[in-house]
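Down below is the structure, laid out as structure tokens.
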Amino acid sequence: MRSFLLTSIAVLGLALPAIAQDAQVGKEYDLTIESEQTNQYVGAYGEAKIGSVVFDVPNAKKNEKYHVKVTTIAKNQYTGDMQASCEFQQTGGDKRSGMCNAAP
């Protein structure tokens, strides 16, 4: 029984850090753009995720790094994903700044 408990605690201790936490309103994060997208309504943007929350940064390219401050999180009515509105500042590169695309 003791062996089972110790094994369970060890497994949970290793697994819990791997579970990504969702972004929260008012907090700041550093993120890396994972993919580039484009659509007829908002144009080109780079997409990144923190947990299950999606960040769409206008005109961002894959592997660019950004520091973001989350202003709101809402459900995107078209994709069903939780999407963050945020203020962003590029780290390195051109030092671009602005606002993330908000959920429609």
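Nothing in this text is a laboratory measurement; each read-out follows from the coordinates by a stated rule. Not measured: the values here are computed from a predicted model. A quick note on method: Cβ atoms are made from the backbone with ideal geometry, for glycine too, and the neighbour counts reach across all protein chains shown.
The set of residues from the stretch 18-52 being more than 19 Å from ARG96 (Cα to Cα), of a type in the set (A, V, I, L, M) and part of a loop (DSSP other than H, G, I, E, B) comprises ILE19, ALA20, ALA23, VAL25.
Can you work out which of the residues in the stretch 74-95 that are more than 21 Å from ASN39 (Cα to Cα) and in contact (Cβ under 8 Å) with a residue 24 or more places away in the chain is surrounded by the most Cβ atoms within 10 Å (Cβ to Cβ)? Within the stretch 74-95, the match that is surrounded by the most Cβ atoms within 10 Å (Cβ to Cβ) is GLN90.
When the stretch 53-78 is filtered for residues that are more than 14 Å from GLN89 (Cβ to Cβ), assigned to a loop (DSSP other than H, G, I, E, B) and among the charged types (D, E, K, R), the ones remaining, listed by number, are LYS61, LYS62.
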